[in-house]
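To start, the structure under review is shown below, and the notes come after it.
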Amino acid sequence: MEEMPKTYDTAAVEQRMLDKWLEGDYYRRSAGVGDCTVTIPPPNVTGKLHMGHAMDDTIQDTFVRFNRMRGRSTRWILGTDHAGIATQTKVDKKLAAEGISRREIGRDKFIDACWDWTNEYGGFIVEQVKRMGCSVDFSDPHFTMDDDYAKGVRKVFCDWYHDDLIYRGKRIVNWCPHCTTAIADDEAEYKEEDGHLWHLRYPLVEPIDGQDYIVVATTRPETMLGDTGVAVSPKDHDKDKFVGAKVMLPIMDREIPIFSDFYVDAGFGSGFVKVTPAHDPNDFAMGERHGLEKINIFDETAHVVEGYGEFTGMSREECREAVVAWFEEHGLLDHVEDHHHSVMHCYRCDSALEPWLSEQWFVAVDKLKGPATEAVTSGNIKFHPERWTQSYLTWMENLKDWCISRQLWWGHRIPVFYCEDCGWEDALMEDTDVCPKCGGHHVRQDEDVLDTWFSSQLWTFATQGWPDNMELLKGHHPTAALFTARDIIALWVARMIMASTYFLDEIPFHDVVIYATILAKDGTRMSKSKGNGVNPMDLIEKYGADAMRFNLLTLVTNNQDVRFDANIDKKTRELIDSPRTEQARSFVTKIWNASRFVLGNLEGFTPGEPVARTQADAWIFSRLARLSKVVTEGISAYQFGEVARELHNFFWNEFCDWYIEFSKASLRAEGEERLQTQRNLVFVLDNALRLLHPAMPFVTEAIWEHLPKAEGEKPALMVAAWPEPETLASWIDPDAERAVGMLCGVVGAVRSTRARYGISPKQELAVVVNAQPENVTVLEELSSQISVMARVSEFTVAAGAPKPAESAAVVVEGAEVYSVLTGMVDFDAERTRLAKEQKKLAGDAAKFSKKLSNPGFLAKAAPEIVEKDRAKLAEIEDQLARVEAQLAELG
RNA sequence: GGCCGGUUGGCGCAGCGGGAGCGCAGGUGCCUUACAAGCACAAGGUCACAGGUUCAAAUCCUGUACCGGCCACCA
């Protein structure tokens, strides 16, 4: 067996493990009891992974590795998303930098450029996923624009089209004049801005009660060019007299009606609302109700169209200034107020969105809502943490028809064909250039592409052969769980549920796990513009992948966001340090070193079963059995933070700090004692590595290679068997746990006595333990271990042993520990300490006495609680008596 | 406007009905041959505030005050 290197070289080991796993082809496990299929939320091909991905992927990998080790048929499907707008914007920018414009080169060449981009960045992303240790199925990557995937998307469109779930309509959509495309409501972001409320005078055609104009209030004066009405509230009876009258729209000299509509709030502004049906969704709705004309004054880049004289060709901003100037010049600007309001911005390019009237495709959601709601209310799909269920249901309830067409080139082109000759129109699975109705050759395809989310809604099943190869899907759908961020519950999760329930008549996954949003150290969102984002690859480089993963796992609690502890250089934007990741790295190092100790002490080892030779052995086996239960249940319930803490506590505080220390004395012995200790150490380490592996795959796999193995053991820890709680359950031993607890107390007592009196560790002490009878054997059994750990020269233990002269006594549960300090101690300090101890114990005793003399408590509390507290009180009173006896002795 | 989180030792966080925990930082002492990226020991909190429910509240309920997020969008 080759020796383990003294230091753990993360970069080299990680690379070697990746090669090993890939060579062994362990990623996909096809045969097994039960299925664990997980689809990775496909990252956009636009660039690098961020901390959110790192968190998401770590959680998934922990879950997937755990299931693989448990023997489930396991497949974690890898893929990337073509991300329509995002990618197109990036490619546009890249081409622009080379002096090329999209329109110049045309659609086909532009799409080629997008593919080049995809191939470059898609590969980059796969590489990053790999470096994090993610055990995705690398042999079968998917992309939302793959041919087979595209076929699925097309089928969804065609089926919904023919089932009347997809329709085309002229509607107000959120238009981005920069990206020149519509975007969905969910893709619009509101931003608070300081603006103005302009009060404009609109002259009445006929004066009413001597009044010859009314005042409308607007935040967007430029849209007045397209006004076709003025509305008042039906509750605002002062304005009843105006209803039915007409105003002469300034500049345009158009007569437009005044009407009443419930939408209007009489209390806001002037109480008169100018109505521009083509440039505001609410005005559009009013326009529909009152049969108003919809006049579109802007082109696709939000410049004023032909026919508006001096205003034609102006941008929105220029037009606003010009219109306001015109009103001022003509004495029609009543007044201007400051007004704080929110304005929609494009989530991609951040331009202010323009509500714009245009022809778009929509999905009618009415028929999809029911099953998608039912899937969650029935409990078939569960959200973790549970509170997200309500968010989902609220969103589902308020769901409106979904605008799915985008005026882009990069994406799934809408498969609707039109005949220019006879007006035929249909959605087709295969392209055609001949009209099936009239045989004409003037057939054209719709120019628009589909919303990216339209294609990603099929992710759980179009990545698994649907619609052609249903055999692949069998047994792997619904998938086990979806792990994702809360901000795409509506955009993505909900739509996957709708698509899956519609096309497969089943849910896409059983559980939805929402992880916390990762914030920067100061509690704000990590963002590119602020330069406070942390790059997971930098963390891996500095601390290793296992350290990054483990730290991230500790952050998974029920919280909805977490602050990531990392310092970033403001100028270079490079990672300075991440203290908590550094702590996690210490844990990795600890695992490495402890393993090195065990493996370095295996001389003369022969394989054999673990046997609890001492109570210490029984104790660590018992703790291990409990750990396996906690970890197994924890991962199953997605409680990763708790799992990480339990693993850390077991390995560091129990295994390293106590068990390995106990073992040192036994390893110095010879024969059976040494051999059995070696076997026990190997047994515990082996199981601990298995339990740690899903969280920290690299270091555990690397160490495991060095471990002695049973005949026929699996070739890699990654596919080795999980320590199931049931098979370890027989090791659980509460007596041993109690005994070792007492024993640790004895060691601690000597150590703290030593520290209190400033006695050098080199100075050995004589120690006498007066133990309760049932504890005597344990202490005798481990006396040599205790002597090593507490630096004791002479260790005696007996029930009722008298306190030696000039000794310091410490009372612990089940024993009294006397350290002989002849000539070393100032007993005043000892008196003070004991008095403090007495006070604390007396306080505790009073607390419990009070509780136990409360008739309500005795009558109503659970019997085992009462029993436990009685025992506790007895113990405290016993300790108190001993402390008081010692105080009396000191005088 | 509606909904959801948070408020626990100097800092970052766990715990979410039965004696206040973890990790850092700080203190003291140790290079005890696995580990100084370490070990030991000690110190540090009336669990935001006010009511209530309960035999019992950091934990459940109501309200208040600050932080943070999501959804809606009144021109």
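A few points about this structure:
- Site pair residue A:194 and residue A:885 shows an inter-label distance of 7.8 nm when each label is modelled 7 Å from Cα along Cα→Cβ.
- Accessible surface, the stretch A:120-241, averaged per residue in Å² (probe 1.4 Å): 41 Å²
- Contour excess over end-to-end distance, with Cα ends at residue A:669 and residue A:12 and 0.36 nm allotted per residue: 232.8 nm
- For chain A, the relative contact order is 12 percent, taking Cα pairs closer than 8 Å that sit 6 or more residues apart in sequence and dividing their mean separation by the residue count.
- Looking at chain A, the DSSP beta bridges with both ends there are about 70 percent antiparallel.
- Think of a 1.4 Å ball rolled over the protein heavy atoms: the stretch A:518-618 then has 49 Å² of accessible area per residue.
- Solvent accessible area, Å² - residue A:664, 1.4 Å probe, full protein context: 60 Å²
- Here the stretch A:657-673 is scanned for amide nitrogen atoms under 11 Å from the site 7 Å beyond the Cα of residue A:603 along Cα-to-Cβ, giving none.
- For residue A:253 and residue A:342, the FRET efficiency from 1/(1 + (r/R0)^6), where r spans their Cβ atoms and R0 equals 22 Å, is about 0.05.
- Gain in span if fully extended, residue A:23 to residue A:400, counting 0.36 nm per residue against the direct Cα distance: 130.8 nm
- Amide proton proximity set for residue A:213, modelled H, under 5 Å, gap of 5+: A:204
- Extended-chain gain in nm, criterion 0.36 nm per residue less alpha-carbon gap, residue A:163 and residue A:470: 108.3 nm
- On the beta carbon distance between residue A:241 and residue A:391, with R0 = 51 Å, the FRET formula returns roughly 0.65.
- Accessible surface comparison of A:248, A:789, probe 1.4 Å, protein chains only, largest first: the order is A:248, A:789.
- Whole-percent carbon and sulfur share, accessible surface of chain A, 1.4 Å: 49 percent
- The stretch A:784-857, accessible area per residue, ligands and nucleic acids excluded (1.4 Å, Å²): 51 Å²
- The stretch A:61-136: GluC sites (Glu not before Pro) falling in loop per DSSP and having at most 14 other Cβ within 10 Å: A:98
- Placing pseudo-labels 7 Å out from each Cα toward the beta carbon at residue A:757 and residue A:421 gives an inter-label distance of 11.1 nm.
- Total formal charge among the other residues, if their Cβ is under 13 angstrom from that of residue A:144, Lys/Arg +1 and Asp/Glu -1: -3
- Summed side-chain charge close to residue A:102 - residues other than residue A:102 whose Cβ falls under 10 Å, Lys, Arg +1, Asp, Glu -1: +1
- Each residue was assigned an accessible area with a 1.4 Å probe, and for residue A:454 the value is about 0 Å².
- FRET efficiency, 1/(1 + (r/R0)^6) with R0 25 Å, evaluated for residue A:105 and residue A:441 via beta carbons: 0.40
- For residue A:20, the lysines whose Cα falls under 17 Å of its own Cα, not counting residues fewer than eight places away in the same chain, are A:130, A:714.
- Only DSSP H runs of four or more residues enter the estimate; each adds -39500 (n - 2.57), and after division by the residues of chain A the mean residue ellipticity at 222 nm equals -13500 deg cm²/dmol.
- As a length-normalised measure over Cα pairs under 8 Å and 6 or more apart, the relative contact order of the stretch A:796-891 settles at 30 percent.
- In this label model, residue A:864 and residue A:359 are separated by 7.2 nm, measuring between points 7 Å along each Cα→Cβ vector.
The values are calculated or read from the model by the stated rules, or taken from the named source; none is laboratory data. Keep in mind that this is a model prediction, so the values were computed, not measured. Note that each Cβ is placed from the backbone with ideal geometry, even for glycine, and that neighbours are counted across all protein chains shown. Heavy atoms of the whole protein, side chains included, go into the accessibility calculation; ligands, DNA and RNA do not. Shrake-Rupley method; radii C 1.70, N 1.55, O 1.52, S 1.80 Å.
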